[in-house]
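The values are calculated or read from the model by the stated rules, or taken from the named source; none is laboratory data. Given the structure is predicted, the values throughout are model-derived calculations rather than measurements. FYI the Cβ positions are ideal-geometry reconstructions off the backbone, even for glycines, and counts take in every protein chain you see.
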Ligand code: ARG
Ligand code: ZN
């Protein structure tokens, strides 16, 4: 039979998949046996699918495949030739209700640059299947609601690939006399194809055990190249903490005898929760003080926890279809956030998470790529692994947890795990459990899943001095988003408290207000002095609050609020108001901020890490997000001016902190992290003050540091300066970490984030550096991703930043469409800029869209960004 190999990219305009078109699978695949003859250039994959007609119908079996041609097809052991290829699918007519369908294909992992399916990384072979990578390995109904029991056999060269891992438990292994060896793994838990994984390589293991709450012993292994073994203890420790935490907090126990994690250098995102065999981007496993910052340590623990928690929220209960992605991701992010909060400062963790939400999700929700937490359609599902699905999705779970309270929330998750275990569920299933066990009506709350856009709440507080009564007028507005011009009012849980302006004492208890109307007035009785409003405490709803609070009110709250988040928030709002006014009027009136920062630094009993967060100015991007038209140079100038004012006014304080917070030998603990963080903030302000010794101080820290947190902070300070030490530090850093990919990423990233005016030119030069490559996603993100969020450099008035990014993305798209598409959003901000910049940005988007052979991934992001 003469069949054309189907092209890797569709030649026709890509079509959208719609949520409303869902229908259950026509054929179930209760079992699959896979046999891999592994070879980088020619891996043979034989698959035997036990298939069952799921209901009375006369449809053929339809299997997904991408790029490969079946070498043979057998039904019940007999070769057949009545199959056909339709698009990217293999159609096999079947007469009975139960059959065994076998296929064989050849794939070439070494030329897989998309890093989806089976690919090579650092000489090892590994897989990535979520969302639709399994079809690049073999023919299969590659959708999350087809659950199968997998048996996997691998044969590979013994010396090149001494370690052979797959999902589940190892059942047998042996040697052949041709220099190969083999291993067989069996996973008793039915799972969708996106959770399939195998790894073949030359790896060393950090092994340990964990005894579960019912007394079963689980063998744990973290597999890395031998030279990296010493950097795996932190991840292993985090894994054990996660396993214990999920037992204690959710009553969830691990269910296999083995849990393995493998770290690879080439990976499209953070990590993957494959059943019993997590595969990680090495940046979220490897950590030692010399190469990883405190931020990296925290991220390793958070991602290890996240992937581990997926064993229940994702694997035991998976998603019916990809529109339900937030069912597992939103919930699992919420779980990892709570885990991290329990490891150190919950207040600082909440501040970090909100900062992240505002940096990535809010812009998405107000831009051309806005989509609901449960989207209605997609062209390429990889484009929907977004801050909205993950982080806004987590906020939805958090709001339900807030409304239910801890006891009923736990009852509701118990119900959910119990009722849907072993199935592919929907977001609606989850909400229904919250409703049932929580005893509340969530009909209106469901709009959070279907309406995109960040709700805006205006809040005005009035008080009759004699009458003792205060009135809080609230009104909500959900902005229009693409495809959703009219919105309904949402259910917004707002934690509110009033404080007395004179005494500084709370006037009321904390109240949870459920705002469900367009406008509502809340009354507070016996308010005996002028009240100041603390609202959306703990960031109880992921919204924007517009209040009529004055600079004095905000300064007051930043000193007196008893909710640490609200206290931080008041300071941020004060800073933001100052910076927005400074941007617009060209003059920065920083005294109120200076006073508030002074008071915060002098306050008793605040954690050092909290202080560090509280005194940091909002980012240039976030200031830009407040403005109708972003003027990147004016924003930069205003922010630098306020930084200088703060630096100068408090110079003795910054110097004192810098001296006092010095520590001896490096330790990783919440306390020590807080000291480092505040001390490095102080260093930044000393530099901002223009102090003559700032560069010398930074360089001395750079040279003396016994840890990456301090070294990188010093480098960051120098890289944004004109000091002669700048080049020295960069050269030292590069030489010292030659060959360490993860640290070289920092070298690229730090330069791309520099606030110097030559950053655009520097970044273009760095793209030609021998250590730069688009083939490694971490490296591409380090340079291009960082440049895209450097508001001033990227938005250079001549459009050079736009042109550079577009060229790089077009080149990257040919290798790795997913990673290219992820880096596109900065170009979609064109509506926010002046006509000249908008025109230049649009021209680059048009150029991308018109590029012949563009991937679906980049096409979807670029064409939607133009609308
Ligand atoms: N499920 C993985 C996680 O834990 C991420 C998979 C991302 N897949 C993708 N196609 N972007 O977050
Ligand atoms: Zn996840």
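Out of the residues in segment 54-76 that are surrounded by 17 or more Cβ atoms within 10 Å (Cβ to Cβ) and more than 22 Å from residue 26 (Cα to Cα), which is modelled with the lowest pLDDT?
So, considering only residues that are surrounded by 17 or more Cβ atoms within 10 Å (Cβ to Cβ) and more than 22 Å from residue 26 (Cα to Cα), the one modelled with the lowest pLDDT is 67.
Among all residue pairs at least 6 apart or on different chains, which show Cβ distances below 8 Å where the first residue, located in segment 110-126, is in the same structural domain as residue 68 (by TED's automatic domain parsing) and the second is within 16 Å of ligand 2 (Cβ to nearest atom) and part of a strand (DSSP E or B)?
Final answer for the pair search is 115/128; 116/128; 117/128; 119/128; 126/279.
Inside segment 252-275, can you point out the residues that are within 16 Å of ligand 2 (Cβ to nearest atom) and more than 18 Å from the chain's Cα centre (by Cα)?
252, 261, 275
How about segment 770-797: which of its residues are part of a loop (DSSP other than H, G, I, E, B) and in contact (Cβ under 8 Å) with a residue 12 or more places away in the chain?
Passing the criteria: 771, 772, 774, 775, 776, 790, 795, 796, 797.
Determine if segment 290-308 includes at least one residue that is within 11 Å of ligand 1 (Cβ to nearest atom), buried (at least 21 other Cβ atoms within 10 Å of the Cβ), in a strand (DSSP E or B) and modelled with pLDDT of 95 or more.
no
How many residues, within segment 811-833, are assigned to a helix (DSSP H, G or I) and closer than 15 Å to residue 113 by Cβ?
Within segment 811-833, residues that are assigned to a helix (DSSP H, G or I) and closer than 15 Å to residue 113 by Cβ number 10.
Please enumerate the residues belonging to segment 77-97 that are surrounded by 13 or more Cβ atoms within 10 Å (Cβ to Cβ), in contact (Cβ under 8 Å) with a residue 24 or more places away in the chain and more than 41 Å from the chain's Cα centre (by Cα).
Initial filter on segment 77-97 (surrounded by 13 or more Cβ atoms within 10 Å (Cβ to Cβ)): 80, 83-85, 88-94.
Pick out the ones that are also in contact (Cβ under 8 Å) with a residue 24 or more places away in the chain and you get 85, 88-94.
93, 94 - these are the residues of segment 77-97 that are surrounded by 13 or more Cβ atoms within 10 Å (Cβ to Cβ), in contact (Cβ under 8 Å) with a residue 24 or more places away in the chain and more than 41 Å from the chain's Cα centre (by Cα).
For segment 354-370, which positions are within 16 Å of ligand 2 (Cβ to nearest atom) and touching a helix residue (DSSP H, G or I) at 6+ places or on another chain (Cβ under 6 Å)?
360, 361 - these are the residues of segment 354-370 that are within 16 Å of ligand 2 (Cβ to nearest atom) and touching a helix residue (DSSP H, G or I) at 6+ places or on another chain (Cβ under 6 Å).
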